[in-house]
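Peer 1: One structure coming up, written as structure tokens, with questions to follow.
The values are calculated or read from the model by the stated rules, or taken from the named source; none is laboratory data. Bear in mind that the values here come from a model prediction, so they are computed numbers and not experimental data. No Cβ is skipped: glycine too gets one built from the backbone with ideal geometry, and neighbour counts run over all protein chains shown. When the accessible area is computed, the model is the full protein with side chains, heavy atoms only, and any ligands, DNA or RNA have been set aside. Shrake-Rupley method; radii C 1.70, N 1.55, O 1.52, S 1.80 Å.
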Amino acid sequence: MGSQRDPYFVQIGFDFGTSYSKCICRDVFKDKAWVCIDEDNDSLQPFLIPSNVIYVDGRFIRQRNTDVCYLADCLPNLKLALIKIAKSELQDPVLTPYAKALGSGDGSRLQELVECGSIFFLASAISDVLKDIKSRFPKFSSHPEDYLALNLAVPVSSEGQAEVNGMFRHVLFKAWHLSEIMSSESQLSIREIRKLMENFGGDTDDSGNGQCFIYPEVSANVQGFIRSRASSEGIYLFSDTGAGSVDQAVFIFIRDETSNKLTYLSANILPYGSSMVERLASNNSNGWNERELEELRKKKEQEENDPRLIRAKGLIKEEILKGTKKTLALAKKKLYIKDQLRGTRIIFGGGGHCDNPYGNAVQDTFHSNLFRSGMNPDVLGMPIPRDLDLPDGSEHWMNRLSVAYGLSYLKEDLAKFTYPEDVIDPSPSEIFNFTKERVRAPSKDEC
């Protein structure tokens, strides 16, 4: 009898974050989206999904407490660790807690731990999302045409993009299948995960229907912006501050009659996200003292003027300033017009963003020797989407939800893009088209 109703189509947008992940789902046929919320979480931000896992006695366990970041036996920064493994940067400090958990820095074992830990986390988190969907649509799967799809964000980098993309695809496809038999309470060993994955065959989306898709994180972040009335064609610097890194990209946005396109001129991942404030402030910044780091994190979030935090923010500001200059200099090399970067507009994003040190450092770059004279570029904000069901008074959540929101669109509807490594000299149309005013009819949402 279930086949008599119309089918359901739910698009999942999953933001795999460094400290916290976020998820927004969309009822495609109604074009309405909602935020996945943990009903048992009574914090002010119940949509946050801790991205860390606990590794005890050779078994992975989900970390559920959103109030604590630093725990004993914790494998932190899974996303950053996955990037380092993909690039074979096995000596990076991000991997130190993983080597400590293994009692060995052996490369193959390190890669296996990070890979399986990421698969475990994603599979467990996705299983929670599926539970949420089925609570909203109790008869989901009873119609033969009911359909689920999932988009996951992948960082944009000027180097190693193919390797990073391949690694993220691999863990996503495995996690997608594993989520069907897991729950948030599951505890699995590496051996058990490997055994389960053997049932799924190769590393590609062997379900055969393209349910899983990866998409550039920066592009996902600006989907809401480029679809809004606030957007216009031009050059943008996007600076996204997360817990683990500051992800920057300079891109050209062009809108034609049928689609939106983002051409990345440069991208840079700066390892100075908000968690580095307490790491640098710690007397054990080269080690891992969970108690001290947790104390400093709380002081940072309460904006206390601890001299250790002030010093750390000063160091980070210097590094962000240098990193932003590099991001802009790489973009400048690919532009035909010498002073074209003077038309750059800035978009800030990410749950870790604040003026000191991040916003100030980025804006100070436009007064550096990279430009013949100083300038104050426009800083644009992200609009509140009209098609997203947000609880009353929670509009401020959007600074942490913009990636998940962008990913909640069908992959066919996402803006087309070109990676920095594929852009040597942009075509004249990509450089000059956005200077022409185009007249278009307003959409029904703009009336």
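Peer 1: Which trypsin sites (Lys or Arg not before Pro) from region 317-384 combine a DSSP loop assignment with at most 16 other Cβ atoms within 10 Å?
Peer 2: Passing both the DSSP loop test and the Cβ count: Lys333, Lys338, Arg372.
Peer 1: Run the reach check for Lys195 against lysines, Cα to Cα strictly under 21 Å, same-chain hits fewer than 8 apart removed. What comes back?
Peer 2: Within reach: Lys174.
Peer 1: Of Gly105, Gly406, Gly350, which is the most mobile in a GNM of the chain whose springs link Cα atoms less than 10 angstrom apart?
Peer 2: Gly105
Peer 1: Using a Förster radius of 51 Å, what is the FRET efficiency between Gln211 and Cys354 based on their Cβ-Cβ separation? Nearest 0.05, please.
Peer 2: Calculated value: 0.85.
Peer 1: Calculate, in nm to one decimal, what Ser394 and Asp422 gain on full extension: separation in residues at 0.36 nm each, minus their alpha carbon distance.
Peer 2: 6.2 nm
Peer 1: Sticking with this structure for a sec: Find out how many positive minus negative residues lie around Val403, taking Lys and Arg as positive, Asp and Glu as negative, among other residues whose Cβ is under 11 Å from that of Val403.
Peer 2: -2
Peer 1: In region 319-429, what percent of the accessible surface is made up of carbon and sulfur (1.4 Å probe, ligands and nucleic acids excluded)? Numbers along the way, then the final one.
Peer 2: On the way: 2680 of 5470 Å².
Carbon and sulfur atoms account for 49 percent of the accessible area of region 319-429.
Peer 1: Can you give the extra length, in nm with one decimal, that the chain gains between Leu370 and Leu71 once fully stretched, where that is 0.36 nm per residue apart less the Cα-Cα distance?
Peer 2: Gain in length upon complete extension: 103.4 nm.
Peer 1: What base-10 log of the normalised intensity I(q)/I(0) is obtained for region 127-280 from the Debye formula, alpha carbons as equal point scatterers, at q = 0.10, 0.18 Å⁻¹?
Peer 2: One equal scatterer on each Cα of region 127-280 leads to -0.53, -1.22.
Peer 1: Along the Cα→Cβ direction, 7 angstrom out, place labels at Gln4 and Asn305. What is the inter-label distance in nm?
Peer 2: So the label points at Gln4 and Asn305 sit 7.1 nm apart.
Peer 1: How much area per residue is accessible in the chain when the probe is 1.4 Å and only protein heavy atoms are counted (Å²)? All intermediate terms of the calculation are to be shown ahead of the outcome.
Peer 2: Working: 20380 Å² over 447 residues.
Accessible surface, normalised per residue, equals 46 Å².
Peer 1: Take the chain, connect every pair of alpha-carbon atoms lying under 10 Å apart with a spring to form a Gaussian network, then pick out the residue of Ile316, Ile133, Ile181 with the largest mean-square fluctuation.
Peer 2: For the chain, modelled as a Gaussian network with Cα springs under 10 Å, the answer is Ile181.
Peer 1: Taking only DSSP H segments of four or more residues, each worth -39500 (n - 2.57), what value at 222 nm results for the chain once the sum is divided by all its residues, to the nearest 500 deg cm²/dmol?
Peer 2: That calculation yields -10000 deg cm²/dmol at 222 nm.
Peer 1: Go through Lys22/Lys332; Lys32/Lys416; Lys84/Lys261; Lys84/Lys298 and tell me which ones have a Cα-Cα distance over 32 Å in this structure.
Peer 2: Lys22/Lys332
Peer 1: Put a dot 7 Å past each Cα toward the Cβ at Glu295 and Asp92; how far apart are the dots in nm?
Peer 2: Label-label distance for Asp92 and Glu295, simple model: 3.0 nm.
Peer 1: Quick check: pseudo-label points 7 Å beyond the Cα along Cα→Cβ at Tyr147 and Arg59, how many nm apart are they?
Peer 2: 4.0 nm
Peer 1: Can you bin every Cα-Cα distance in the chain into 10 Å intervals starting at zero and give me the percent of pairs per bin, rounded to whole numbers?
Peer 2: Result returned by the calculation: 4, 20, 31, 27, 14, 3, 0, 0.
Peer 1: Between Gly352, Gly244, Gly343, which gets the highest mean-square fluctuation from a Gaussian network model of the chain, Cα cutoff 10 Å?
Peer 2: Ranking Gly352, Gly244, Gly343 by mean-square fluctuation puts Gly343 first.
Peer 1: Determine the share of region 235-283's accessible area contributed by carbon and sulfur atoms, expressed in whole percent, with a 1.4 angstrom probe.
Peer 2: 46 percent
Peer 1: Next up: Quick one: length gained pulling Leu102 to Asp38 fully straight, 0.36 nm per residue minus the C-alpha distance?
Peer 2: Stretched out fully, the Leu102 to Asp38 stretch lengthens by 19.9 nm.
Peer 1: Of the peptides 20-27, 414-421, how do they stack up when ordered by the mean number of other Cβ atoms within 10 Å, highest first?
Peer 2: In decreasing order of mean packing, 20-27, 414-421 become 20-27, 414-421.
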